[in-house]
Structures are given as C-alpha cells and as structure tokens.
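Worksheet: the structure to be examined is printed underneath.
Bear in mind these aren't lab numbers, they're just calculated from the coordinates by the rules spelled out. Computed from a predicted model, the values in this text were never measured in an experiment. For neighbour counting, all protein chains shown are included, and Cβ atoms are generated from backbone atoms with ideal geometry for every residue, glycine included.
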There are 4 protein chains.
Amino acid sequence: TIIHLFKEIFKAGLELQEKDHSKELLVSRKRKQEDTIININGDLFGDGLPHFVCGPCAVESYEQVAQVAEQIKNKGLKIIRGGAFKPRTSPYDFQGLGFEGLEILKKVADEYGLAVVSEIVSPADMEKAAEYLDVIQIGARNMQNFEILKAAGELNKPIILKRGMSATVSDFINAAEYINSKGNGQIILCERGIRTYETSTRNTLDITAVPILKQETHLPVMVDVTHSTGRRDLLIPAAKAAIAIGADGIMAEVHPDPAVALSDAQQQMDFAQFDQFMEQLQIK
Amino acid sequence: TIIHLFKEIFKAGLELQEKDHSKELLVSRKRKQEDTIININGDLFGDGLPHFVCGPCAVESYEQVAQVAEQIKNKGLKIIRGGAFKPRTSPYDFQGLGFEGLEILKKVADEYGLAVVSEIVSPADMEKAAEYLDVIQIGARNMQNFEILKAAGELNKPIILKRGMSATVSDFINAAEYINSKGNGQIILCERGIRTYETSTRNTLDITAVPILKQETHLPVMVDVTHSTGRRDLLIPAAKAAIAIGADGIMAEVHPDPAVALSDAQQQMDFAQFDQFMEQLQIK
Amino acid sequence: TIIHLFKEIFKAGLELQEKDHSKELLVSRKRKQEDTIININGDLFGDGLPHFVCGPCAVESYEQVAQVAEQIKNKGLKIIRGGAFKPRTSPYDFQGLGFEGLEILKKVADEYGLAVVSEIVSPADMEKAAEYLDVIQIGARNMQNFEILKAAGELNKPIILKRGMSATVSDFINAAEYINSKGNGQIILCERGIRTYETSTRNTLDITAVPILKQETHLPVMVDVTHSTGRRDLLIPAAKAAIAIGADGIMAEVHPDPAVALSDAQQQMDFAQFDQFMEQLQIK
Amino acid sequence: TIIHLFKEIFKAGLELQEKDHSKELLVSRKRKQEDTIININGDLFGDGLPHFVCGPCAVESYEQVAQVAEQIKNKGLKIIRGGAFKPRTSPYDFQGLGFEGLEILKKVADEYGLAVVSEIVSPADMEKAAEYLDVIQIGARNMQNFEILKAAGELNKPIILKRGMSATVSDFINAAEYINSKGNGQIILCERGIRTYETSTRNTLDITAVPILKQETHLPVMVDVTHSTGRRDLLIPAAKAAIAIGADGIMAEVHPDPAVALSDAQQQMDFAQFDQFMEQLQIK
C-alpha cells in the first residue's frame, strides 16, 4: 500500500499538470476573467442581454429571403441567417444554392441593413465566403472537422460554433480552442441539443450546458431552439428557458411559408408565429 | 402494389385504434382539458405559479430536520421533503432511518406547520407510510415498479412521480396512468434529468419535457434541480429555466451542513446558499 | 501547490479506501477467484459451455406452454421460461396470468422434466412463487427495486438478474451484491441491451459487458437475445456473438404462433425458426 | 373518421414513395443482391472470411512502422494501417506527421509487400494522398463531413468509412451513399462503437449493427475493436464476437512499445499481445 500511495502521488502530479493545461486554454475563463463581447451589427453578444439570429433554414430565392428580412427589420432585429450550403443526411436531399445563395443573402442584407450569418462546410470556401458574410457558422456535423475549425481560426470574422450531436462540453470547448489557437477569438458557442434515446423532440436541449459553458469559458453562448427541439410548438418555451438561464443569444428559423420549404418544413415558424415568438420573449 | 396499399390501409386502421387508445388515458389532456390542481398545505400545484419542495436528501436526526424546517418556514414555504427510505446503488451505503425517519419528519412538520414529502420504496409500506406523510414520492428507480404504482393508486394522497433515468416521455405518462387507473388522480410529474453520455452534470435535465408533459397531460409538472444537475452551482440557473418554461414546482435539497451529510454531500445547499436561491427565484 | 499536493494525497487515500471497498464485494472476482457454477436441472451455468433458457414471452394457456415444452425437450434442453407476471409499460396491456400462470408452468415442467424460470415483480410474492419455480428472474425494470433484490437474497434458489435499461456495469454489479449480501450467492447476470439513440434495434446489445462482468465478478453471465435486439432476424447472429464472447447462457423467446401472441409478437420465434436457431448454434 | 382514413391512405402513399426511394440507394441490398467484394492486396473483403487491418495508432517514425510491418508480414497478413493525419480533440495534442507520415507508410509497405490504409481529414489532400495509399480511411468525426465524402467518391480507391460516434445505422448508410453517388462503390463500412452513458468501455460496440448493415447494404462490414472498446483486455473477446456475427474484417492497433506511444497508449497491443490476438482468432 505504500507503493500504492506513491502511485497515487504520481497520478496526482499528472492530474495537476492536466489541470494546469486546462488553465492554459485560450477560451478558458481561467485565462481571461472578463466576458468576451462580440459586436454583430451593433448587437453585443455577451453584454448580458439576449440577441436574436433568425431566418430561413435554407436560402431558396431572393423573394423568400427579402420577405423574411423585412419581418426581421420590422422587429428591430439586426441579423439574418440562412443556409446556402446545407449539410444533409442524404445526398439526394436539397443541398442548398451555394455561392448563389450567399449572394442573395448579401444583397438582401445590404438592402435591409442586416448582418448575415451562414454556414460554411468546406475549408476551401472559407475565405471566399467571408466576403459575403458577417458571421460564419460551423455546423454540428463539422464541430470536429478540425480543418474547417483551423480555417475559421484564420479569419477575422465572428464564428458561431455549434455543438456536435454527441459532443461533451469538454469536446465543445476544445473545438472552440482550435479556432482560437489560430488567432480568431471571436467565437459564439451554440448549444443545439444532443442525441439521446428520447424521441419526443428531435434532440434533447441540454439547457444546463449554457451556464457551464459560461463558467468554463469567457465566450458568449447561444441556443438554437429550432434544431434542439425540432418542434414549432416548443420554440417559445425553449427560448424562455434559454433566456432565463443566461443565454446571450437565440437562434430560430423563420420561413414565409414553412409548408413548402425545401428543408425542415415542420420546424420553421411562419410570420404570424414569428410575431408571437418575439412578442412573448420581449424583455419588459 | 395494390396489396401494399391494402396493407397500409390495415396498418392505418391499427394506428387509428392506437390513437383512440391514447385519447382514453385518464391522465391525458385529450381526456380532460382543464389543468389538475393539487393542494398541498395551501400551495396549489398547477395554478400557474411555481411552488417549492425543499429539504435534506436524507433524514439524519430530529435536530437536522428541525433546523431545515425553520429555514423553510422563515421563507414562507409550506412543504418539507426528506428521505427516510433511501434507494442506494450499493447495499453498503446509508439506507435511511426508515419509519423512524418518517416519525421525525412528521413531528417536525407538525411543529412548523409544514406538509411532508418522502419517498416510499415498498408497496407493503405504502399504507402505513401514508399516516405520516402528506405527499408520497415515487423515485426514478421505481418509475416502472408497477406494484408500487398500483399501491400508490389506491391511496387518497398526492403522489410525486419522478421520471425514470431512461424513461421516455411516453413511458412516464404511462407510469402516471398506472396510478390514475387505480383511482388516485392527484399526481405531480417530476422531471429529474435523464441519463446521457454527458458527464459534466449528474444527469441531463430534459427541460423541454416540461412543456411536452403539460401539453400531453393535465397534471402539474415539477423539476428536481438537485438530481438533474448534481451540482450546487447549477441549482439557481436550472430553477430559473424551469420556472421560465412553465414548471409548477421546484424540488431542491438543503442541509444544515452538506459536508457531513450522510448522502449526496456535494449537491445539497447550505442555509446561506438556500437564502440566495430563494432570493434569486423570487417572482417580482 | 504544496497544499494542492496534500489535497491530492488525501484524495488518493480516499480512493484507496474505495478500491478496498470494491475488493470486498461478495460478487467480486477479487473476493473469490473461481467461477461460481450454478446447477439448473443439470445445466451447469459457468462451466464454460453455453446453456439455453427458452420459452414464450407470456404464459397464455396450458396447451401453449406444453407445445413449447415439447420442442425444448426434443432439443435436449433442460429449462423453460415463461412470463406469468408481466411488467408492461401501459396498465391496459396484458399483465400476465399471475399465480395461475405459475401453476401452468410448474405442471408442464414436471410433465416434461424441465426446470422453470419466471419473473417475479413483487417482494411479497417472492416466497410463494419460489414454490413453483426453479429459478426466479428479476427484470430490467426492477434491477434497482432494492426491496425485491433483498427478498431474492433471502431465498435459496438461483436468481437471473437482468441489467436495467440504463444501468452501468457498476450499477449492475451492485444490484447483484444486494442479493448476495442477504445470503443468496446463486446469481446469473443477464445482459439484455441498453437504451441508446439507435432505433434499428429495440435496445443496443452491449456485447462487451459480457467479458467485463466475467472479469469483475465470479458469476455466470448470459445474454437475452430477444429483448436486446427486438428482431427475430437478429436472434441467431446475436446468439453467435454472445457465445463467441464467452456468455454462459442464452435466453430467447419461442411461441407456437407468434402472430397471435398476447405480448411481443414481433420478436418471438416460431418452432421452425427455433429448430434453425438451435441447429446453427450447435457446438461441434 | 373517414377523413382520417383518407389522410392515412395519403400518408401510406408517401411512405411507399419513401420506401421506393430507399430501394434506389446505390449501396442498398435491394438495388444489388450480391455481396460487393473488395480486393485489398489479395485480401477479399466480403468473401465470407475475416480479414485484418492492423498497425499503430499514429505513424511516429520509419523504425516504428517497419517493426510493426515485420510482425504483420510474419503473420501472413497483407495490410498495414497507421495514422498520419490525426484528428485530436485538443489542438495541443500530437496531430500526426502528415504527408511525411504517408511517405514513411508507403516506403515500409513497399518493402514488406503490404497494402496501406490511412485516414485523410481534408478534401484538398485527398487526391495527393491517394498516391501514397491503397485504401483511404474516413474517420468517425468526418462521417458527415460531406465534402470529404464527395472527394472520396471521386477516387478509384477502396474507402473504409467509419461510423460516426452518434450516427444511426441509417445515417451511416446515407454517408456511404454520398461516396457511391459520386462514382466510387468500393466502400467498407466500419463499426467502431457508439457514444452511450456506459463508461466501462470507451464507446459501446454496437455488434448487431454488423448483420443489419450486411442486410441493408451489399457492402463489406468490419469492426474496429480498438476504438470501440478502448481496452486492450477486450480486443480478443470483441474480435471473436465480431467474427462470429459475420464481420468481414477486424481493425486493431499494434505498437512496438505502447507505453511510449504518442497517442492512445492504453489501447494498443504490444507484439506479444498481437501474437496472442492472432493465435486466438485463427480460424480452424
């Protein structure tokens, strides 16, 4: 047992080293005490108030995006999102309009004075895409696509990094560190639900990941209420919970006519629902 | 393919039957539109306001329970909880004081004018236990112990039914139906976190189960913030999220001196933390 | 950091204590090196060969059980299983014939010279049930129903203990310890699949749990291929894998006419499939 | 209810369409009845016999790889694997030698007459890497990195596609379809464990995925026993189960001196263990 004790002392030493290592992560709260605040078109993510990133799942046409942009503008919001490169489970599903979609997004955003968020799925497209976009989104399926993380780290643009479907909080923080380690510290973490046995929702919203991520890192944390729940009827309650627990932002999908949407028809809000959504979440 | 179609028609017929069946569940919102309201010592679970069920993980002594009761009383709360029969993973862990624990609980509750909640783990003890308790709790490990559910269904006491560690929402509703089918409709559902791969919390709080359960059933729904998170530092944010999403009640563990608690030392609040907890959750 | 080191030494001490504690478990391989061998009607579970426990999901009638018994007998097998007390998710599903079912089982078993296995779901029934049964099964939903574990521990009969749906290997071993701690060491552990996100099987068969359980404990370990897969077409491959990895027994459901079975119709074998099953698993 | 029935008929029509769609997948068994057989250096994956892909987790030096190659050669095996581009959770862990690693692998493989398997993590590297490699591996983290799948689809080289950590069987099949839809049908599916709540193994080996994948597709299916278990002591039992259930190949990691390995030290076999591994799996 004296041998055991020495082993344990050795192990303790190793653990101490590990802890020091974690202290050294650039994204860690231990490394930087103050909250990182990220300015997107005047919305300050990390200032203690919730900010909204809304828009259609996929960019389908100029008209579609413009209609949504008008609704967003009217509500006093400053950011629009839309998918141009769509990572889809089947190769035969609609894959998005690609750069044509980004052009539409940029045109509309300029007309309405909005900032644009869109997902990029290939490291090779990153630099060109950055010309169209104010914020680059990295999707759940690419959270451990380290090549894309490194490419994002070389940009000077805010990044929204979504949590992988079965990523631990620790995996998630390390993925953010990949971006930061290449020089780009403008990272917003986005909880979007994890895969569990439960089937009443598309994923299980891991709501307590929000305060944990805010404790462990100095980065803003947002919640994607659309992909976590996959149910239009849960968007408002999920967003309320997210705001109450301290989320810095909410992402939600809006479409002029969800029934004919080319992707994720069942989970996008129409404009009447969007009105109700923003009304009920208004901070008095 | 015409054969296929007929098969599908047959299947559709079966599904219709099943749907009708689900309509018939006594706990279903389809069966009864209005919210069930359960009165526990004047606290109306289901009235739209959050109510609190606090107390030590395990009953250890008269003094310990009395100290907690005083704190609860001073905050204007009306209910105390405490474990007398403790379901523990190992047979060598502290198993609770049993009926002696229930006696302590009852004595203290009477002195302080509080209602008492405690878990019962054996159908045979149910009736005797009901003499000491205002509310019977059925724990997560016993959510599909159908003998205990049936025994609870024969009482005329409110039941707090906790969700099993890997129970689906549908399993959970059916477990409640076991109780109701025996005649007792005074059931409060309690989300307490589900088992997932994530290890930064003890369980993963499935926060959207709250609005789903309230949609599917007419029963009050509460959230156990202690067992879902397993972390004292997450109790306040988790409770805020639970209240924001519409929970009818919050369960949380409080101990005069958590460091010496005989069970779950790391997740119980001390009195200073309890003050802060109630202060921050106060509805203005 | 010297303080840290002392803390770690203290922690190491605690961990050492815990390890010693695990050494002391009665079911642990550290406590008893040799394999426990359990004799059921001449089948020696733990002797290195696979043994079979087959029979209908639920006892429906004397004729049904007798037909299955004849098939079992003809194949040279020595044990029959059948459910008399059926733990069912919904209170409106067939709950089994109860003691009448046990009587049928015993009558048939005596006529055919077979041993009988059946699940008991209430501690109060345990003693009476033991008069009818050669082996008591404790089901997945009751793996942490500690009252039933303790009641099983007071019998002098072999117990088949099924793993809970989301029980860790460590939870499972502790559940067995509950039985052993009350004096009954004749325990066969039964892996029956765990709950995961995957939906192509009813549960996910955790096949490596078999060698882990055999390493950690001295108890025989069997695999329920019916409930783990929930698919008749996977019974043979799953059983082959189980035998290859060292399982001491296989449990599988057989019914004279699965299409009209009162429970689990889709996963039971008919007699032709049962012939094929035993043929393909024959050890040459 | 007549309206309901028509709705269901409509739904049934939709489902039939979906089923037809699934029939059309290039990788589907419905599309092509016969097994696809893939020839790697004379090893025919899909011929009904198990084949072996062994080698170090990461390429560290010429000497290290050559030592392993000699062992592999001596056992009559024909393939070596080694990681040159290592996807690591933390940006500060050893990331592999990159193309220098591929050069070492190719040099050694040529000397020993072995085929080489290595993982590629960037679509941009795919073509260049194909010059060094006989088989391209796509790792679990990149299973839904659709850019890399498409790039792999444009090569004329066998691809080993690993299942994502929380991919369903259906997601996995669709990922293979991405490759096949671009023209490359030489795909070997590799089960490598899925993420669950169980912590006694690194992942949970989903052994029944093997027969399901072989039923649903015409592709060879292998099992990575190293990453699924993460435990050296489980490699032999896991491999036995995989072979028994019909796997076409086994992947396992071997290192001259695991204790000093730059990655995954605890799960690689040393040479003595490798001898024992091959001996025990020898098909008589």
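Annotations for the structure displayed:
- Projected label distance in nm at D:Lys107 and C:Gln215, using a 7 Å step from Cα toward the beta-carbon: 3.7
- Shown for A:Leu149, C:Leu26: other C-beta atoms within 10 Å of each C-beta, ranked fewest to most, produce the order C:Leu26, A:Leu149.
- Radius 15 Å from Cβ of A:Phe271, net charge of other residues (Lys, Arg +1; Asp, Glu -1): -4
- Of all chain D residues, the one whose Cβ lies closest to the rotation axis that maps D onto A, given with that distance rounded to whole Å, is D:Ser166, 2.
- Normalised alpha carbon radius of gyration of region A:160-284 [divisor 2.2 N^0.38 Å]: 1.09
- In chain A the longest region clear of GluC sites (Glu not before Pro) that are loop-assigned by DSSP and have at most 16 other C-beta atoms within 10 Å covers A:155-284.
- Highest-MSF residue in chain D out of D:Arg232, D:Arg31, D:Arg81 [GNM, Cα springs under 10 Å]: D:Arg31
- C:Gly183 label point (Cα plus 7 Å toward Cβ) to equivalent points in the other copies: 3.7, 7.6, 7.7 nm, shortest first.
- Taken about its Cα centre, chain C carries a charge dipole of roughly 740 debye when the Cβ of each Lys and Arg holds +1 and the Cβ of each Asp and Glu holds -1.
- Rg to Rh, two decimals, where region C:34-281 supplies the alpha carbon set and Rh follows Kirkwood: 0.92
- Note, ³J(HN,Hα) from phi for region B:183-193, Karplus 6.51, -1.76, 1.60, rounded to Hz, x at Gly and Pro: x, 9, x, 8, 10, 10, 7, 10, 6, 9, x
- Shortest-first nm distances, C:Glu70 label point to equivalent points in other copies (7 Å, Cα→Cβ): 6.7, 7.7, 7.8
- Amide H contacts of A:Asp206 (H built 1.01 Å from N, under 5 Å, at least 5 apart or other chain): A:Gly193, A:Ile194
- Whether region C:12-146 is rounded, prolate or oblate, judged on the alpha carbon gyration tensor where a/c under 1.5 counts as rounded: oblate
- Between the amide H of D:His51 and those of D:Gly249, D:Ile250, distances stay under 5 Å, these residues lying 5 or more places away or on another chain, with hydrogens modeled in the peptide plane.
- Under the Karplus curve 6.51 cos²θ - 1.76 cosθ + 1.60, θ = phi - 60°, whole-Hz ³J(HN,Hα) for region D:122-138, x wherever Gly or Pro sits: 10, x, 5, 8, 4, 5, 5, 5, 4, 5, 8, 10, 8, 9, 9, 9, 10
- Exposure proxy order (Cβ contacts within 10 Å, fewest to most) of B:Thr201, D:Thr229: B:Thr201, D:Thr229
- For A:205-217, mean number of other protein chain Cβ atoms within 10 Å: 6
- The separation of region B:172-209 from region B:53-124, counted between C-alpha centres, amounts to 21 Å.
- The residues B:Thr204, A:Thr36, when put in order of fewest to most other Cβ atoms within 10 Å, stand as A:Thr36, B:Thr204.
- Region D:37-84 shape via C-alpha gyration tensor axes, a/c threshold 1.5: prolate
- Mean ellipticity per residue at 222 nm, deg cm²/dmol - from DSSP H runs of n ≥ 4 across chain D, formula -39500 (n - 2.57): -11500 deg cm²/dmol
- 10 Å-binned pair-distance histogram of region C:73-192 (Cα, whole percent): 14, 44, 33, 8, 0
- Overall form of the protein assembly as shown per C-alpha gyration tensor (a/c, 1.5; a/b vs b/c): rounded
- For C:Gly42, the label point sits 7 Å beyond Cα toward Cβ; its separations from the matching points on the remaining copies run 5.1, 7.3, 8.9 nm, from shortest to longest.
- For A:Cys57, nonlocal amide neighbours, meaning residues 5 or more places apart or on other chains whose placed amide H falls under 5 Å from its own, are A:Val254.
- In order through region D:50-58: 3J(HN,Hα) via Karplus (6.51 cos²θ - 1.76 cosθ + 1.60), integer Hz, x for Gly, Pro: x, 10, 10, 10, 10, x, x, 3, 10
- Per-residue mean of foreign Cβ neighbours for A:176-183 is 2 (Cβ atoms of other chains, 10 Å radius).
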